[in-house]
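Take a look at the structure set out below.
The values are calculated or read from the model by the stated rules, or taken from the named source; none is laboratory data. What you are looking at is a predicted structure, and each value in this text was computed from that prediction instead of being measured. Glycine also receives a Cβ, built like all others from the backbone with ideal geometry; neighbour counts cover every protein chain displayed.
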């Protein structure tokens, strides 16, 4: 594992390279010989899928930038020229637009896998925090990318989101003007958003390298939450994990292709096919689906909290919903890592999932009737989950008995080395049962 | 079995995903608007009455009662370009072009569509050239610094009826007729839960042309007693942002002459021009679906092969 | 690593090779749109062929049309210019080939092969000096044809290079008089 390398250069050339720039050794140690727990399930394949989609977004983005014009008078037409006139432009743009959504689908599944299996707990705090930073960068990138087509939702989304900053007293307005480069969203805003939208993915790529590095230092978690103890607990990354990740990627790409080729506008908003008009707001401003839970929390605060007015309160709650994630490693008091062995927390975990879905739905609703109330309840649970449930349940809960090792969990306490006859679909022994119930 | 969790995770997240499509709930859930009815798009029929502003039905008085538009959902029609094997009905597109040219284009521009692309409607290069030559466009400046008029050529876009949006608004009581280039993608009536989830699997992506058709055929109905129609507007329960719109009923029977014997009804005109506008908004739609079929089949086969490889690689390794 | 022994590491059965081949085909197919998007788009291609109205071009006058981003000189030459061009023997020419896209690559650079077919007064050519791409000035230079101000190449009244560093006669694009007053270029 980390610390020693089993790479053996096979010929004169690779020996020569290895003595000068041991890149093949790095790749071999990281992606071939690297040991992964043998009991990883498909929830652990989203890291690879995310890497693939980062590549898809950067590649399609770079070629789209060859045709895009970042000027208010030209942006909309240039995007339509991509759709109509550029060779394969429709494909590249639909891949990029839907790719953003699928990037977020994958990242949310990746995050909820992490929450379920307690992957954020020691010693993986830095690995996890790097992940949250990637998530923040993704949100910024996606938001600025959505502004570029310069449709109605682009414009008004940018107006609303940069308006968050005006909630802060005194410094708010100057910050907003600084961000916009003017008094409203305009050409200067579009230009800088384009510049930053091009920059941020490469920053994401940089943090991803750190994320993978940290992963390879501490190793992966696994559904039991028991650390790897012996080589019997692991399989080499290649071919076992590679092929499994590859299969998951292709299945994910199948769903992606379904959207790109058949319902490419399903995840978009019709109003963005109307050019931006600074004098006319659409009937309902709705962010992209992946921001909806946060948008619901923003709108849930409709009342003043002491000296904090409702506008600032909403903004603080929204930012807080992400800030709180940075503290999970220290909020979680449980001795056990995996939720599969935590009967009480497991219930709350699924309530959290339901809560996030509910908030997402509420974010898409107009702010009327019962929706703001429901949003407030959902928001309260969201914070209560992290700030109260997570620490308290960890202290009062009696977890189920953990297996002694991954090998034991997979093979059963009486079984020997990893030459078990059973296929993966039929793990043996009662100790594996908890994962199944999850 | 271990995949169960990931599957559930996936299912959970997937169900949040399509919410993006939601913009405005015409099928308002019970708490706010108990009487709004027509949920299924296939049943846009008359029983979906205009919301009762007095709001007494459920027994609870609705204080801030928001009416959601459109009042009626458009019907889902059968379009040749729908679904996995969608294709253009070229004759229909040609008829739709005729309707656009003879009716809509008097007020509505189509700025993003170049006449050269009409070749996709089955016209020869010469026909496209002749079509373009019927229009004049402004060009210039010439050597004397003057702008001049010339006959349009295929590389020109459809000329707009008004020189600028202000002129368009001034000529139409302040309501500028929208550009039609993208209207079939820029208007969609929200489908509501759970229909929008089924739409992923049925590949329903025709809410634009359905809406346009619904609007064009939705005039002439009797508004409910409590619906206030502003002077100079025309009641249309299919209009997406109000009970009535500034556009008078644009189509009437036998208004446009069809050479191919197709019936000359308002409904037929509306279907044809909606299909044409879908083409105008998404000229590569059919190419996209044809490419998609190859990609989908490829990925299915590739996934199958990888799965077998994966089974073999993991053979004998309990996990 | 523990279970690796159960595999046969040297085995390269058909399935693995086939799957790898499918992956390679997929990757290659995906690459194509990313490359092809760099080719001229439909709007550019639509202007690859233009029609120019030359009804206003009197004898001894010329106009410059823009075609594929380059200037096209369209000149109705005077009888003197035609005569001057015709009397030049091919031996005097620096470049003896017509460089006319409407003719074969080896057509000699006679004035007949340089001027419009059946309309010897008309000269239609790409107004770009064949040296380094500057635009020559009309009715100037030692041969009263074109003179490139950049490096001093001179062309005669048939657009043929006569002196200076340029290697070739100015190019004649594919064109056709589709009527007496309209020329289609491209």
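Per the listing A:346, A:311, the residue uniquely more than 24 Å from the chain's Cα centre (by Cα) and surrounded by 14 or more Cβ atoms within 10 Å (Cβ to Cβ) is A:311.
With the condition kept exactly as written, say whether any residue in the stretch A:240-257 is facing chain B (nearest Cβ under 10 Å) and more than 19 Å from residue A:47 (Cα to Cα). Checked against the condition, which is being facing chain B (nearest Cβ under 10 Å) and more than 19 Å from residue A:47 (Cα to Cα), the stretch A:240-257 yields at least one hit. Of all residues in the stretch A:272-279, one or more are in a helix (DSSP H, G or I), more than 7 Å from chain B (Cβ to nearest Cβ) and in contact with a strand residue (DSSP E or B) (Cβ under 7 Å, 6 or more places away or on another chain).
When the helices (runs of 4 or more DSSP H) confined to the stretch A:320-411 are screened for residues that are in contact with a helix residue (DSSP H, G or I) (Cβ under 9 Å, 6 or more places away or on another chain) and farther than 15 Å from residue A:225 by Cα, those reaching at least 3 such residues are found at A:328-331, A:343-364, A:371-384, A:390-396.
Every listed requirement among (1) more than 13 Å from chain C (Cβ to nearest Cβ); (2) over 16 Å from the mean Cα position of the chain (by Cα); (3) under 27 Å from residue A:217 (Cα atoms) is met by residue A:44 save one, (2). Against the conditions (1) modelled with pLDDT of 95 or more; (2) touching a helix residue (DSSP H, G or I) at 6+ places or on another chain (Cβ under 6 Å); (3) over 30 Å from residue A:252 (Cα atoms), residue A:172 satisfies every one except (1).
When the stretch C:72-94 is filtered for residues that are exposed (fewer than 15 other Cβ atoms within 10 Å of the Cβ) and touching a strand residue (DSSP E or B) at 6+ places or on another chain (Cβ under 7 Å), only C:90 remains.
Every condition in (1) within 14 Å of chain B (Cβ to nearest Cβ); (2) at pLDDT 95 or above is met by residue A:284 except one, and the failing one is (2).
If you go through the stretch A:117-127 and pick out every residue that is part of a helix (DSSP H, G or I) and crowded, with 23+ Cβ neighbours inside 10 Å, you end up with 2.
Right, residue B:232: in contact (Cβ under 8 Å) with a residue 24 or more places away in the chain and surrounded by 23 or more Cβ atoms within 10 Å (Cβ to Cβ) or not? Here the answer is no, as residue B:232 does not meet what is asked.
Residue-wise test of (1) surrounded by 13 or more Cβ atoms within 10 Å (Cβ to Cβ); (2) within 14 Å of chain A (Cβ to nearest Cβ); (3) at pLDDT 95 or above.
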{"site": "B:112", "(1), (2), (3)": "yes, yes, yes"}
{"site": "B:123", "(1), (2), (3)": "yes, no, yes"}
{"site": "B:127", "(1), (2), (3)": "yes, no, yes"}
{"site": "B:146", "(1), (2), (3)": "no, no, no"}
{"site": "B:157", "(1), (2), (3)": "yes, yes, yes"}
{"site": "B:166", "(1), (2), (3)": "no, yes, no"}
{"site": "B:174", "(1), (2), (3)": "no, yes, no"}
{"site": "B:184", "(1), (2), (3)": "yes, yes, yes"}
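Condition test on residue B:238, is it out of contact with any strand residue (DSSP E or B) (no Cβ under 7 Å at 6 or more places or on another chain) and surrounded by fewer than 21 Cβ atoms within 10 Å (Cβ to Cβ)? No; evaluated as a whole, the condition is false for this residue. Residues of the stretch A:55-77 that are within 14 Å of chain B (Cβ to nearest Cβ) and surrounded by fewer than 21 Cβ atoms within 10 Å (Cβ to Cβ): A:56, A:73, A:74, A:77. The single condition among (1) free of Cβ contacts under 8 Å to residues at least 40 places away in the same chain; (2) surrounded by fewer than 21 Cβ atoms within 10 Å (Cβ to Cβ); (3) in a loop (DSSP other than H, G, I, E, B) that residue A:178 does not satisfy is (3). Checked against (1) modelled with pLDDT of 95 or more; (2) in a loop (DSSP other than H, G, I, E, B), residue B:269 passes all but condition (2). Does residue A:260 count as buried (at least 22 other Cβ atoms within 10 Å of the Cβ), at the interface with chain B (Cβ under 9 Å from one of its Cβ atoms), modelled with pLDDT under 95 and closer than 26 Å to residue B:195 by Cβ? It is false that residue A:260 is buried (at least 22 other Cβ atoms within 10 Å of the Cβ), at the interface with chain B (Cβ under 9 Å from one of its Cβ atoms), modelled with pLDDT under 95 and closer than 26 Å to residue B:195 by Cβ.
The rows are residues; the columns are (1) in contact (Cβ under 8 Å) with a residue 60 or more places away in the chain; (2) closer than 23 Å to residue C:69 by Cβ; (3) in contact with a helix residue (DSSP H, G or I) (Cβ under 9 Å, 6 or more places away or on another chain).
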{"residue": "C:109", "(1), (2), (3)": "yes, no, yes"}
{"residue": "C:112", "(1), (2), (3)": "no, no, yes"}
{"residue": "C:115", "(1), (2), (3)": "no, no, yes"}
{"residue": "C:130", "(1), (2), (3)": "no, yes, no"}
{"residue": "C:133", "(1), (2), (3)": "no, yes, no"}
{"residue": "C:136", "(1), (2), (3)": "no, yes, no"}
{"residue": "C:144", "(1), (2), (3)": "yes, no, yes"}
{"residue": "C:163", "(1), (2), (3)": "yes, no, no"}
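Looking only at the stretch B:120-171, residues that are touching a residue at least 60 places away in the same chain (Cβ under 8 Å) and closer than 21 Å to residue A:81 by Cα come to 2 in all.
Among the residues of the stretch B:99-126, those that are in a helix (DSSP H, G or I) and out of contact with any helix residue (DSSP H, G or I) (no Cβ under 8 Å at 6 or more places or on another chain) comprise B:101, B:102, B:105, B:106, B:126.
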